[in-house]
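Below is one structure, written out as structure tokens, with a few remarks after it.
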Amino acid sequence: MRRLSAHTYLIACLTVLPMSARLYPQEPSATPDISGFWELSFDSRSVPRASLLPTVTRARIDARAKKDAYAVRWCNLLGVPFVMDPGRPLDIRQGTSAIIIVPENSSAPRYLYTNRSAHISEDVFDPSTNGDSIAHWEGDTLVVDTVGFHGDRGITAIPGGGYRTDKSRLVERYRLLKEGSILSVTFTWTDPTVFRTPHSYEFRYQRLPATYEPRQWLSCDPFDQDRAKFLESPPAPSKSASRTVSKE
Amino acid sequence: MRIRRIGIAIVGVALASVSLGAHHSFAMFDMERNVEYSGVITEWKWQNPHVHFNVLVKPAAGIDPKTAGTWDVEGGSINIMSRQGWTRASYKVGDPVRLVGHPMKDGSKGISLFYAIRPDGSRLYHDIARPKDDVKK
Amino acid sequence: MRGSLVVLFTAVQMVGAPLYIHAQSPGAPQPHLEGDWVRVDPDGVNSFDGLSAVVPPAQLLPGVSAAAGRGGGRGRRGAPPTDPSAGPNPEGVPYIVVAQPCAGGGPGRSNGALLVNPDSGGVHFIEQKDEVIFAGERGGVRHIYLDGRVHPNPWTPTPAGHSVGHYDGNTLVAETIGFMPGGVPGGGVRSPQTRLVERFVMSPDGGRLTITYTWDDPKIYQKPHEYRYYFERAPKIESKAGKFSYALEEWCDAGDPIEQQPIVPPKQIIK
């Protein structure tokens, strides 16, 4: 090969070097990014029936339902699991120390801490409706472990049956599907006072356009007497409904 | 601001939650007076809406006899106090405590907590407000 | 040889097309604002109400009424009694009561309103390239969009307005419009047309945050109304499992009778 002339070298340097800078690839992201606006549709839930302990009687379930109704009636924070199916989109933002899940209505956001691997100890952690969540990545799956739930606050009913208590543990697995257009979240509840076996169900959230604008919370006035009456008093049956239907 | 020491032999600290309501009135307290109390906690309630505790002052030499008795001490919400270093385990019934607070204007035994004084002399403030002698610029 | 270079050049172009320099773009978030913060009192005002007193007074246009006593304070000095209690208060029953019980969905702390004027509660930032979430553990979340979107038009005014932002070096600059009418610290006033610019400036060591608020509205202010709030990293909370910083959940039950006590306390029984 003939030796290159100096000017050829110069041209090569001026041309190739900037290109070599472009050649240096961005370090591939180690973890997926689940940030975005996500919404459940009518066909987004796969929820089997939970296997409950015999001690979870009808009376206990009804008592729980009353407490849940109280939380709704008084506009209290509703917590997990409600916040993951709140009837409106979720805004999920993945930061460097935590992932925040922001519901679009009256409930506290969830923080999934990726900067620690230990739960806050019971001597100082005040049980809450959202509990204490720590998260880590296993390949392309975000695994979230939550304990520290308050057993009497918010909506405690769990999809498929059962309810959260202060003994409950929730493990969630988040995965992006279909090139990031779907966020699959598998929820697995264990509780020695409620479930006979671990209870799992899956939600698949659809990604909304990046330009989506979250809406303002709807009003919730616990001192609105009309609202209170609406929630606390079921409507009386219609008189027409009691008439026998003609067989003609 | 003069701080008067009031010996408190037994301080009952009942920490009661105070509402998280947005409009909280301190009008009943003399917020310009800082008074020091020391005694033992008799009841401790770490809950919202406000942390609340009882302090029992026993008569002693140098103590104004009018200040002897049980004092109601009002703190703030758990979150606000947690952010100042308080935890559920900060005090318990039977613990001695020194604190500085703003007394009720009408002379009844009520205190709006300003800060507690730890054995090493450092302070546990109720809220973000500070006296002039303890600010960081 | 020249032909080899041309081939090489072309190949590099083709291979290099999808690749790019691994450098942070000017709009990418700086990671250090993220975390937990709490306001501090650098003036030694002695009480929370005093914090609002250090906000300089707003210079309003003639004819514009100041929003007296709003913003900046959690207490209300001289609040009139509403329902005086008739009986004595047993020992240990808290007598510090509130004029307005908590209401989770009300406009007071929901929808991010409190984060336009943070109080003593912790605040948290989560930074992602398209959005910064500014959340308060005493209620509410603000969305500060970094994705280049413009303020929607039309926009129904909200307690916290609509915020867009960008990074100016290490400083997050947020612009907000679309507020519901109301007050501003320092006796200021705002309308849906009022513009708020917040500059979130970190100290070099990342331990302190200064938020500079600048309210401007040619129909309200003689000149932009500016003041600052100061924050420090929230101290880590010590537990048996270690020292961590994390968001606290503030519980409030409007149905709790204690929330509905009268503002004038019953006379205490003194033992």
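Exposure proxy ranking for C:V64, A:V147, based on other Cβ atoms within 10 angstrom of each Cβ and starting from the fewest, stands as C:V64, A:V147. With only the Cα atoms considered, region B:34-122 has a convex hull volume of 100 Å³ per residue.
Given Cβ point charges of +1 (Lys, Arg) and -1 (Asp, Glu) and nothing else, what value in debye, to the nearest 20, does the dipole of region A:36-212 about its Cα centre take?
For region A:36-212, the charge dipole is close to 520 debye.
Between A:V56, A:G148, A:S184, the Cα set farthest toward the positive side of the dipole of region A:36-212 (charges on each charged residue's Cβ, about the Cα centre) is that of A:V56.
Each principal axis of the Cα cloud of region A:36-212 was taken in turn, and the coordinate range along them, longest first, works out to 46, 39, 33 Å. Within the shell of other residues whose beta carbon sits under 10 angstrom from the beta carbon of A:R173, the net charge comes to -2, with Lys and Arg scored +1 and Asp and Glu -1. The amide H of C:S239, built 1.01 Å from its N in the peptide plane, has C:F244 as neighbours under 5 Å, considering only residues 5 or more places off or on other chains. The 3J(HN,Hα) values that the Karplus relation (6.51, -1.76, 1.60; θ = phi - 60°) gives for region C:212-217 are, in residue order, 9, 9, 10, 9, 9, 6 Hz. Gly and Pro appear as x.
Mean partner shielding of peptide C:236-245, defined as the number of other chain Cβ atoms within 10 Å of each residue Cβ, is 6. Counting every other Cβ atom within 10 Å of each residue's Cβ, B:K45, B:K109, C:K243 order from fewest to most as C:K243, B:K45, B:K109.
The phi torsions of region A:135-149, fed into the Karplus equation with coefficients 6.51, -1.76 and 1.60 and a -60° offset, translate into couplings of 9, 8, 9, 10, x, 9, 10, 8, 10, 10, 10, 10, 9, x, 6 Hz, rounded to whole numbers, with Gly and Pro shown as x.
Counting charges near C:K243 (Lys, Arg +1; Asp, Glu -1) among other residues having Cβ under 11 Å from its Cβ returns a value of +2.
For A:R227, what is the net charge nearby, where nearby means another residue's Cβ is under 15 Å from its Cβ and Lys, Arg count +1, Asp, Glu -1? Intermediate values should be presented prior to the final figure.
Numbers: positive: A:R73, A:K229; negative: A:D221, A:D224, A:D226, A:E232.
Taking every Cβ under 15 Å from that of A:R227, the sum is -2.
Take each residue of peptide B:50-59, count the partner chain Cβ atoms within 10 Å of its Cβ, and average: the result is 2.
Taking the fewest neighbouring Cβ atoms within 10 Å as the starting point, the ordered list for A:F230, A:F149, A:F125 is A:F230, A:F125, A:F149.
Each value in this text was obtained by applying a stated rule to the coordinates, not by laboratory testing. Treat the numbers as computed from the prediction; the structure is a model and nothing was measured. Cβ: placed from backbone, ideal geometry, glycine included. Neighbour counts: every protein chain shown.
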